[in-house]
């Protein structure tokens, strides 16, 4: 891999419902609490930190309701793109 790291974050304008819809719609990427694997993993940070860190601290850190973090794995790039596009098509606007 050149030019980019293997982890990215996207903030969906549909907030928590959008993040939940994206995660539910993926078939290749798996939900995880840790982002270390050869498989593509996704996590909704706001859900992980709820009850541990207050909302103001999360907001100050840029962790919104719609944030989804993705750690890319070794799957075929085209398959991952198709998976994410299909899941995003089902996310409410």
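Throughout, read-outs are computed from the coordinates displayed, never taken from laboratory work. If you're wondering where the values come from, they're calculated on a predicted model, not measured in any experiment. Heads up, the Cβs are rebuilt from the backbone with ideal geometry, glycines too, and the neighbour counts pull from every protein chain shown.
Quick notes on this structure:
- Subset of the range 43-63 [under 18 Å from residue 92 (Cβ atoms) and surrounded by 17 or more Cβ atoms within 10 Å (Cβ to Cβ)]: 44, 46
- Condition met for residue 18 (without any contact (Cβ under 8 Å) to a residue 24 or more places away in the chain and either in a loop (DSSP other than H, G, I, E, B) or within 14 Å of the chain's Cα centre (by Cα) (or both)): no
- Test: residue in the range 19-42 that is loosely packed, with under 15 Cβ neighbours inside 10 Å and within 16 Å of residue 91 (Cα to Cα): yes
- Per-region count, the range 52-75, residues closer than 22 Å to residue 24 by Cβ and free of Cβ contacts under 8 Å to residues at least 12 places away in the same chain: 0
- Residue within the range 25-32 that is touching a residue at least 60 places away in the same chain (Cβ under 8 Å), in contact with a helix residue (DSSP H, G or I) (Cβ under 9 Å, 6 or more places away or on another chain) and in a helix (DSSP H, G or I) present: yes
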